[in-house]
Amino acid sequence: LALLASLAREILTLAKLAKSAKETESQPRQLKASMQLHSQAEPVYFPEADQQSVLRLGLHVIPIEQWLHLDEDFSLFQQHKLASLQKHPEKVYAELPGAGNACDEFGEFLRDHLQSHWGQQFSLEQSGLSHIPTGLNWPTQPRSLWESSLWIQDDICLLELAQEQDEYIMTAASLCSPSNWKLEDKIGKSIDWIHEPVPGYKEQLAKRVNKLISGMAPVKPVMRFNWSLQPGNELCWRSDLDSGSGDGDYYWRVERQTLLKLPQSGAVVFAIRIFLHSLTQMDQLGNFRQRLAAIVSRQSAEMLRYKGMDHKLLERLKCE
């Protein structure tokens, strides 16, 4: 019976997503499928002078009120998510059978969190949850992780412990701004499997990451930053999906990543928030270019290939 209930929920979720996509398509204004971001917020992360490797945890414990980062680019992210669902729903949302409880708990937890810590931007009305700056309104009981993910700018992945495997796997995700990875390849996979393409991850980080996630206390978020150099400023950085219609400049792409364990299901919420600033913008902050060139020069050829960088780019960093 439990299996039948899970399958029924999955079918219902897919039907609702298809309905949402169809409703979006029927709107008079066709949503723009490609979305470029010029972050209005100040850069949240600057290259560290002593950073030897990009392969590190770099985790910091943060207070719960800093779990999410909402700013002036909210509307752009909202448009981007809706346009992504309209164009390729199967590539931006996935939910495995059995993930419903964690998805429901996330929606409830997020709604309460926004009311408690972002009350200047969100209010609970009779009509639903309202985003005050934009006037957007959503049902207070989201029908899926996709619907609750529209309340924020972050992409959301849920990780749950698979008892038979004794490891965490990705059971649901709303992912519209990936940094060179495909949701359809990662859903249902373990953390180790997901990070298999990362040079050195298995040898240097796998055990530490698994121990960290297994030992997390509920509602005690941790944060880290991941960075890349991206040609152009498409939010969706996937060669098979983005239009490549950026301005030709390189951008400092930063992922603000947080991990938070939900108190009831024990699911771990992996939230990813993207920031994009041009190198021209970053140069105004002092010795950005020198620090970046120093970090890049310390990386192995294998890591540079994985990050999409090469020595030509290094020379460009030095001479510009």
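The values are calculated or read from the model by the stated rules, or taken from the named source; none is laboratory data. Treat the numbers as computed from the prediction; the structure is a model and nothing was measured. When we count neighbours, we look across all protein chains shown, and the Cβ atoms used for this are built from the backbone with ideal geometry, even at glycine. All accessible areas refer to the heavy atoms of the entire protein, side chains included, with ligands and DNA or RNA removed. Shrake-Rupley method; radii C 1.70, N 1.55, O 1.52, S 1.80 Å.
Which loop-located GluC sites (Glu not before Pro) does the stretch 125-226 contain, where loop means any DSSP state but H, G, I, E or B and the Cβ has at most 10 other Cβ atoms within 10 Å?
Values: sites: GLU125, GLU147, GLU160, GLU164, GLU167, GLU184, GLU203; in loops: GLU164.
Passing both the DSSP loop test and the Cβ count: GLU164.
Could you please state how large a percent of the accessible area of the chain is carbon and sulfur, counting protein chains only and using a 1.4 Å probe?
Carbon and sulfur together cover 52 percent of it.
Express the accessible area of the chain per residue in Å², computed with a 1.4 Å probe while the remaining protein chains stay in the model.
I get 47 Å² per residue for the chain.
Where both partners of a DSSP beta bridge lie in the chain, what percent of those bridges are antiparallel, to the nearest 5?
Working: 47 of 49 bridges.
In the chain, approximately 95 percent of DSSP beta bridges are antiparallel ones.
Compute, for THR134, the solvent-accessible surface of its heavy atoms (probe 1.4 Å) with the complete set of protein chains present, and express it in square angstrom to the nearest 10.
50
Ignoring ligands and nucleic acids, what accessible area does LYS220 show with a 1.4 Å probe (Å², nearest 10)?
130
If the only charges are +1 at each Lys and Arg Cβ and -1 at each Asp and Glu Cβ, what is the size of the charge dipole of the chain around the Cα centre, to the nearest 20 debye?
400
Got a number for the accessible area of HIS38? Probe 1.4 Å, square angstrom, nearest 10.
Probe radius 1.4 Å; accessible area of HIS38 about 100 Å².
Take each complete run of DSSP H in the chain, measure how far its Cα atoms stretch along the helix's own axis, and keep only those covering 30 Å or more with mean Kyte-Doolittle hydropathy at least -0.5; list them.
Span-like helices in the chain: 2-25.
Return the loop-located chymotrypsin sites (Phe, Trp or Tyr not before Pro) in the stretch 121-172 (DSSP other than H, G, I, E, B) with at most 12 other Cβ atoms within 10 Å of their own Cβ; answer none if there are none.
Of the chymotrypsin sites (Phe, Trp or Tyr not before Pro), not one in the loops of the stretch 121-172 has a Cβ with at most 12 other Cβ atoms within 10 Å.
On full extension of the chain, what length is gained from TYR45 through HIS69, given 0.36 nm per residue of separation minus the C-alpha to C-alpha distance?
Answer, rounded to one decimal: 7.3 nm.
At 1.4 Å probe size, put ARG224, ARG256 in order of accessible surface, largest to smallest. Don't jump to the answer; show the numbers that get you there.
Values: ARG224 45, ARG256 20 Å².
Final ranking, largest accessible area leading: ARG224, ARG256.
Lysine pairs in the stretch 111-237 with Cα distance under 24 Å, only those 8 or more apart or on different chains: how many are there?
Eligible lysine pairs with Cα atoms under 24 Å apart amount to 11.
For the stretch 101-171, rounded, prolate or oblate, judged on the Cα gyration tensor with a ≥ b ≥ c (square roots of eigenvalues), a/c < 1.5 rounded, else prolate if a/b > b/c?
In terms of gyration-tensor shape, prolate.
With a point put 7 Å past each Cα toward its Cβ, work out how far GLU164 is from HIS195 in nm, to one decimal.
Simple spin-label model gives 2.5 nm for this pair.
When the dipole is taken about the Cα centre of the stretch 73-153, and only Lys, Arg (+1) and Asp, Glu (-1) are charged at their Cβ, what size is it in debye, to the nearest 20?
Magnitude of the dipole: close to 280 debye.
To the nearest Å, what is the center-to-center distance of the stretch 142-162 and the stretch 38-92, using C-alpha atoms only?
About 15 Å separates the Cα centre of the stretch 142-162 from the one of the stretch 38-92.
Measuring from label point to label point, each 7 Å out along Cα→Cβ, what is the ASN210 to ASP240 span in nm?
With each label placed 7 Å out from Cα toward Cβ, I get 2.8 nm.
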